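Read through the structure below, which is laid out as structure tokens, and then see the notes.
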Amino acid sequence: MKIAVVGSLNMDMTVTSPRIPHKGETILGGTLSFFPGGKGANQAYALGRLGAQVAMYGCVGQDDFGSQLTDNLARAGVDARWVMRLPDVKTGVALITVAENDNTIVVVPGANAQVSLDYIDSVADQLRQSDLVMMQLEIPLDTVAYVTDLCAKAGVPVLLNPAPARPLPPHLLEQVRYLTPNEHEAALLFHHQGPLDDLLVTWRGKLVVTLGENGSAMADEDGRIICTPASPAQVVDTTGAGDTFNAALALALIRGDEPETALRFANAAAALSTEKMGAQAGMPTLDEVRKRMGD
Ligand code: RIB
């Protein structure tokens, strides 16, 4: 099974802090570290760690960060040769504060903003030959829509992780095979204020909502709600947990796992990923996930 990830690559500049600062406040932090990140690269890396055949599509600059990010993907077995190195633009960076078992993130897109329709045309054959294409929203929305359309025409399912949150055109929501927002993203996408179960049943078999400490939920094709609790974890850094969840979920769904098994697998992978600093350092192997699930 071949998975393609089309998305962002960032260098994460991560500072630990005793707490999340208030607006207008200065506080003293702990350590500053540079970690490979970006939602797209994180998802690709997590898939590589889980043993999937995965290729990354996106753009970086012709700078040291760009080389470090692609080298790191290759170390996890990700096919990173399609990542384009662009002149005159810097690799994306994310400024991350880690505190209170959570984080805040500001992304400076850099080369991620240049993932163009021409670039997609140049890799279209590879995308059409994939068994699943995964995307997020840290590259231009036009590009996400273009890839979704290309995949729809080729019969390739798309998993869209709609993060960071932004409104999406209804036809895009219809076209994707799987949509994986968190609760806040789901409320924004669907202008939804009622019980989450109603939304899950309306979008049965497609919508998977992550619920932080409460795990994740979806409705199966019969409209039965499946809600699986989060796996316990010794949390160090939650950065990349959502990306690990998406990667593990994608792998489980395309290998044909039942929804409940797929959610449990993704929850366990996400929990493990939080136990080390940095988005990618804690991403588990298949054996580690199985062990955590008690299988
Ligand atoms: O999902 C976590 C990621 O969001 C970080 O690695 C950061 O780069 C931002 O893209």
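What to note about this one:
- Taking the fewest neighbouring Cβ atoms within 10 Å as the starting point, the ordered list for V60, V93, V106 is V106, V93, V60.
- The stretch 42-167, dipole about Cα centre (Lys/Arg Cβ +1, Asp/Glu Cβ -1), debye to the nearest 20: 200 debye
- Kirkwood hydrodynamic radius of the stretch 55-104, Cα pairs, Å: 12.1 Å
- Euclidean distance of C-alpha centroids, the stretch 135-194 and the stretch 20-35, integer Å: 32 Å
- At q = 0.14, 0.16, 0.23 Å⁻¹, base-10 log of I(q)/I(0) for the stretch 124-238 (Debye sum, equal scatterers on each alpha carbon): -0.62, -0.79, -1.30
- Three-way shape call for the stretch 27-85 based on the alpha-carbon gyration tensor, with the a/c threshold at 1.5: oblate
- Spin-label proximity, M1 to the stretch 273-287 - amide N less than 19 Å from point 7 Å beyond Cα toward beta carbon: 284-287
- Label-point gap, in nm, between D121 and Q62 - each point 7 angstrom along Cα→Cβ: 2.3 nm
- Longest site-free stretch - the chain; sites: GluC sites (Glu not before Pro), DSSP loop, at most 12 other Cβ within 10 Å: 101-220
- For the chain, the Kirkwood radius over C-alpha pairs fed into Stokes-Einstein at 20 °C and 1.002 mPa s yields D = 113 µm² per second.
- In the chain, lysine pairs with alpha-carbon atoms under 26 angstrom apart (chain gap of 8 or more, or interchain): 12
- What the Cβ-Cβ distance of D102 and A74 gives, at R0 = 25 Å and to the nearest 0.05, is a FRET efficiency of 0.25.
- With neighbours defined as other Cβ atoms within 10 Å of a residue's Cβ, the residues I105, I225 order from fewest to most as I225, I105.
- Here r is the Cβ-Cβ distance between R19 and E213 and R0 is 25 Å; the resulting FRET efficiency, rounded to 0.05, is 0.85.
- Stokes-Einstein diffusion of the stretch 158-295 at 20 °C, 1.002 mPa s viscosity, Kirkwood radius from Cα pairs, rounded to a whole number: 143 µm²/s.
- Charge-dipole axis of the chain as Lys and Arg at +1 and Asp and Glu at -1 on Cβ define it, positive-most pick from P18, A186, Q280: Q280
- Model label zone, E288; criterion: amide N under 14 Å from point 7 Å along Cα-to-beta-carbon; scope the stretch 200-242: 233-241
- Per-residue extension of 0.36 nm, minus the Cα-Cα distance of R224 and A187, leaves a gain of 11.3 nm for this segment.
- Given charges at Cβ of Lys, Arg, Asp, Glu: the chain dipole, positive-most of V235, A252, A80: A80
- Span per principal axis, largest first, for the Cα atoms of the stretch 121-188 (Å): 35, 20, 17
- Given charges at Cβ of Lys, Arg, Asp, Glu: the stretch 68-206 dipole, positive-most of V147, L127, T202: L127
Just so you know, all these numbers are worked out from the coordinates, no wet-lab data involved. Since the structure is predicted, the reported quantities are computational estimates derived from the model, not experimental observations. All Cβ positions, glycine included, derive from the backbone under ideal geometry; neighbour counts span all protein chains shown.
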